[in-house]
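Each remark here refers to the structure printed beneath this line.
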Amino acid sequence: MSTTRMQPVTTPAEAPRPRSRRRRPWKGRLLLNVILSIGAFTMVIPFLWMIATSLKSPAELAQFPPTLLPQVWQWSNYSEALQAAPFHLYFRNSFLISAGHTIITLVLGSMAGYALARIPFRGREWVFMGFVAMLMIPTYTKIVPQFLLVKFMPLFGGNDIFGQGGTGWLNTWWALIIPGGLSATAIFLFRQFYLSLPRELEEAARLDGLNEFRIYAQIYTPLIKPALATVALLTFQESWNNFLWPLLVTTRDDLRVIQVGLAVFQQLDSTSWHYLMAGTTLATVPMVVLFLFCQKYFIQGFTHAGIK
């Protein structure tokens, strides 16, 4: 009695894939990594050049062709740059202003974003469209109106109730902190994050007797840590690097910020590049440290905002 051997049936799912298809994702990842590495290296070059310049002597900076690395590492440039002006005061002022802007933005911006996302009221969409329209206004077009508001602030700096006769908020901490304390970008980001959260949490919290502020503070806001970190980092960075506004509203040396203080190394006839680069390197360190601590939430925030 003869037996017939059954041949195993190969289903399409078990069929071996062509070799070219297996290699294609690997090649694609390799190409992507190469492109990203080139882009990252291109962005790092200016920072490396800044650090190298800060460690060179004036004679070496005048050489042509320029040298890539310092022939003699002048670490004294940093201490001498700090002694050229009261940079400890400039650093303190910049930190206080940046921290003030960040705190105001996180508190008021998150409240406004929550209201626009979760509280129904008449004209809510029009208010939101107004914030979106504000995003389209260039920053420098608002400098003159803000300066006039600061100068003619009633009952400040010797001004009367009509804002005349004095200097208003000029040369005060009010001018440095209040105008930059909140931005439409922060409100927009917070609104988008609050909209992405489930409404069931709000309904359950109301059944438990929580009022609107407790729902905002205890239920929803702890769930948007990526948004908080993203807005905090962007606000601190923008405030720390601000140059034009502090230059316009202050003339007192005790109110100068770090970016304005670096201008002491730039003269009409010459520029002390080694001191300027040393001071710029020191001014960059706080932002680098802040990003290292917040990069996880920062990347999550932008990824989440891009998906939404």
(message) Compute a Gaussian network model of the chain, connecting alpha carbons closer than 10 Å, and tell me which residue from LEU148, LEU255, LEU96 fluctuates the most.
(response) LEU148
(message) Straight-line reach only, C-alpha to C-alpha below 27 angstrom: list the lysines that LYS296 could link to, leaving out same-chain residues fewer than 8 apart.
(response) LYS225, LYS308
(message) Over all directions, the average projected area of the alpha-carbon convex hull for the stretch 86-126 comes to how many nm²?
(response) 3.4
(message) Given Cβ point charges of +1 (Lys, Arg) and -1 (Asp, Glu) and nothing else, what value in debye, to the nearest 20, does the dipole of the chain about its Cα centre take?
(response) 1780
(request) Only helical DSSP H runs with n ≥ 4 go in: add -39500 (n - 2.57) per run for the chain, normalise by residue count and round the 222 nm mean residue ellipticity to 500 deg cm²/dmol. (result) -19000 deg cm²/dmol
(message) Compute the helix-to-body angle for 225-240: its Cα long axis versus the longest principal axis of the chain, expressed 0 to 90° and rounded to tens.
(response) 30
(message) Among GLN266, LEU248, LEU292, whose Cα projects farthest towards the positive end of the dipole of the stretch 85-307, with charges put on the beta-carbon of Lys, Arg (+1) and Asp, Glu (-1)?
(response) LEU292
(request) Rounded, prolate or oblate: pick one for the stretch 37-111, where a ≥ b ≥ c are the square roots of the eigenvalues of its C-alpha gyration tensor, a/c under 1.5 means rounded, and failing that, prolate if a/b is larger than b/c, else oblate. (result) oblate
(message) As an exercise, identify the trypsin sites (Lys or Arg not before Pro) in the stretch 201-267 lying in DSSP coil whose Cβ has no more than 12 other Cβ atoms within 10 Å.
(response) ARG252
(request) Report, in whole Å, the centroid distance computed from the Cα atoms of the stretch 69-91 and the stretch 112-133. (result) 49
(request) Could you list the chymotrypsin sites (Phe, Trp or Tyr not before Pro) in the stretch 177-285 that lie in coil according to DSSP, counting only those with at most 13 other Cβ atoms within 10 Å of their Cβ? (result) PHE243
(request) Calculate how steeply helix 19-54 sits against the longest principal axis of the alpha-carbon atoms of the chain, using the helix alpha-carbon long axis, and give the answer as 0 to 90 degrees to the nearest 10. (result) 10
(request) Mind sorting out which of (i) 27.0, 99; (ii) 28.0, 119; (iii) 18.8, 62 is the real Rg and Dmax of the Cα atoms in Å computed from the coordinates? (result) (ii)
(message) Suppose a student asked you for the relative contact order of the chain, using Cα pairs under 8 Å spaced at least 6 residues apart; what percent would you report?
(response) 26
(request) Note the angle between two axes, namely the Cα long axis of helix 87-104 and the longest principal axis of the Cα atoms of the chain, as a number of degrees from 0 to 90, rounded to the nearest 10. (result) 50
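A short reminder: the numbers here are calculations on the coordinates, not readings from a lab. Source: prediction; values computed, not measured. Every residue, glycine among them, receives a Cβ derived from its backbone with ideal geometry; neighbour counts consider all protein chains shown.
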